[in-house]
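I have placed the structure first, in the form of structure tokens, so that the comments after it can refer back to it.
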Amino acid sequence: MAEIADIGRDPVRGGYSRHLLDDADLALRAWFRSSAAALGLEVEQDGNGNLWAWWGPRAAGAIATGSHLDSVPGGGAYDGPLGVASALEAVAQLQASGFEPVRPIVVVAFGEEEGSRFGLPCFGSRLMVGASDPAVVLARADRDGVTLEEAWRGAGLDPATVGADPSRVAELTAFVELHVEQGVDLEHREMPLAVASAIIPHGRWRLTVDGEGNHAGTTPMVGRHDPVVALAEVILAVRDTAVAAGPGARATIGRVAVTPNGTNVIASRAEAWLDIRAAADDDVRAQLADTLARAEMLVTAEGCTLTVVEESFSPIVTFDETLTDRIAGVLGGVPAIPTGAGHDAGILAPHVPSAMIFVRNPTGVSHAPGEGARDEDCEAGAAALADVLRELAS
Ligand code: GLV
Ligand code: MN
Ligand code: MN
Ligand code: MN
């Protein structure tokens, strides 16, 4: 973790901004390749930009472990990289102990788990399992209007390789992702480690409010069709709908864009990305329906129009019970806790027995520079992962 501590620091918010195929991402990929090579692992990049480092020849029956190296804008140091660094450290410890795996062990770094550049969360794993249409994904644009296809070619990659990779998925017999906890459950329990029981369902929707651009000084207040005002009302409705839905419901607008974004200009368009999460798939859908019904009314009352596009939907994930129980046993009877955060392990879970190990986070803060984990807990996590790999690969 110290080796990558200077890569991709965010000069504005603090923390890290590491996004698919940007300079920071490329530097992290180079670090991954050299760290894995130093352990004698064979590194390859798949058609979806995921990196795989094989201990032993690439073969079926593999035990995969790892996470992602990208971050949200201004994110913490641990969300993602801790799982990759711990996987490499676990392999190093197993090698030092003289362990010889019967099944191949492969360390993976999935691309763009946060979906911060192209909007699609768990980009690399989602494409690999065939859960997203590559043609649609390649046409996605980042904030600067660069399409994924252009970014892909710019990095010297072939867009034709993007898409489902069933033979690679079929090679895996288990996937274990270690991750910093994104809550304070373990801090409250005074325990360093847990396994994950489930991931609550979540989705992303892009809301576009179109109005009438005009002059800030010459246009009377009455009769304006200001999409920023309409969006402001929608944002309050998003919050109020989630609060009304009960304590398990979450709704967030954390990303907005105004066109043309001028001080003395009534905007012509305001966009927002809506993130909704709840205990059950139907609860997410019901909360969305309530939110959009209110949004439609509010936007229409301002004389504007609303367009809604579903960007992604991730149904509830229940992790493989047999694998999870086995890991909890190796770890000495740790708790199994659900999480409100998305993970590549959740995307793989319907296809490959998957499980997660959480490392205590003293404040529970995540997706922000204040995210943390104690060194001794990270060391306990890597050692526990080594024990788990020894058990699974024997
Ligand atoms: C990823 O961390 C997410 O839950 O959005
Ligand atoms: Mn995250
Ligand atoms: Mn993560
Ligand atoms: Mn003027």
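The values are calculated or read from the model by the stated rules, or taken from the named source; none is laboratory data. No experiment lies behind these values; they were computed from the predicted model shown. Positions of Cβ are backbone-derived with ideal geometry, glycine not excepted, and every protein chain shown enters the neighbour counts.
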Cβ-Cβ below 6 Å, separation at least six or inter-chain, first residue in segment 171-188 and of a type in the set (S, T, N, Q), second away from ligand 3 (no atom under 16 Å from the Cβ): which pairs? T173/G61
Would you check which residues across segment 84-111 are touching a Gly at 6+ places or on another chain (Cβ under 6 Å) and buried (at least 24 other Cβ atoms within 10 Å of the Cβ) and list them? V84, S86, A87, V107, V108, A109, F110, G111
Here the qualifying pairs (Cβ atoms under 9 Å; residues six or more apart or on different chains; first in segment 5-25 and assigned to a helix (DSSP H, G or I); second among the basic types (K, R)) come out as A24/R9; A24/R18; D25/R18; D25/R117
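Taking H351 as the residue in question, decide whether it is under 25 Å from the mean Cα position of the chain (by Cα), at pLDDT 95 or above and away from ligand 1 (no atom under 16 Å from the Cβ). Working first, answer last.
On the way: under 25 Å from the mean Cα position of the chain (by Cα): yes; at pLDDT 95 or above: yes; away from ligand 1 (no atom under 16 Å from the Cβ): yes.
Answer is yes for this residue.
For R326, indicate whether it is outside the structural domain of D387 (by TED's automatic domain parsing) and basic (K, R). Walk me through it before giving the result.
Numbers: outside the structural domain of D387 (by TED's automatic domain parsing): no; basic (K, R): yes.
For R326, the condition - outside the structural domain of D387 (by TED's automatic domain parsing) and basic (K, R) - is not met.
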For G332, state whether it is within 16 Å of ligand 2 (Cβ to nearest atom), more than 19 Å from I253 (Cβ to Cβ) and out of contact with any Cys (no Cβ under 7 Å at 6 or more places or on another chain). no
Close pairs from segment 85-108: first among the basic types (K, R), partner surrounded by fewer than 23 Cβ atoms within 10 Å (Cβ to Cβ) and assigned to a loop (DSSP other than H, G, I, E, B), Cβ under 6 Å, at least 6 apart: R103/G61; R103/A393
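Report, by residue number, each residue of segment 256-276 that is in contact with a His (Cβ under 8 Å, 6 or more places away or on another chain) and farther than 15 Å from G213 by Cα. Give the derivation first.
As a first pass, look at segment 256-276 and keep what is in contact with a His (Cβ under 8 Å, 6 or more places away or on another chain): 264-266, 275-276.
Across segment 256-276, the qualifying residues are D275, I276.
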Sort out which residues of segment 1-23 are among the aliphatic types (A, V, I, L, M) and over 15 Å from G49 (Cα atoms), and write them in order of number. M1, A2, I4, A5, I7, V12
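Considering only residues that are loosely packed, with under 15 Cβ neighbours inside 10 Å and not hydrophobic (A, V, I, L, M, F, W, C), look in segment 203-221 and name the one that is nearest to ligand 1 (Cβ to nearest atom). Spell out the reasoning first.
Of segment 203-221, the ones loosely packed, with under 15 Cβ neighbours inside 10 Å are 215-218, 220-221.
In the following step, the residues that additionally are not hydrophobic (A, V, I, L, M, F, W, C) were identified as 215, 217-218, 220.
On the way: H215: 39, G217: 41, T218: 43, P220: 42 Å.
Filtering first and then ranking leaves H215.
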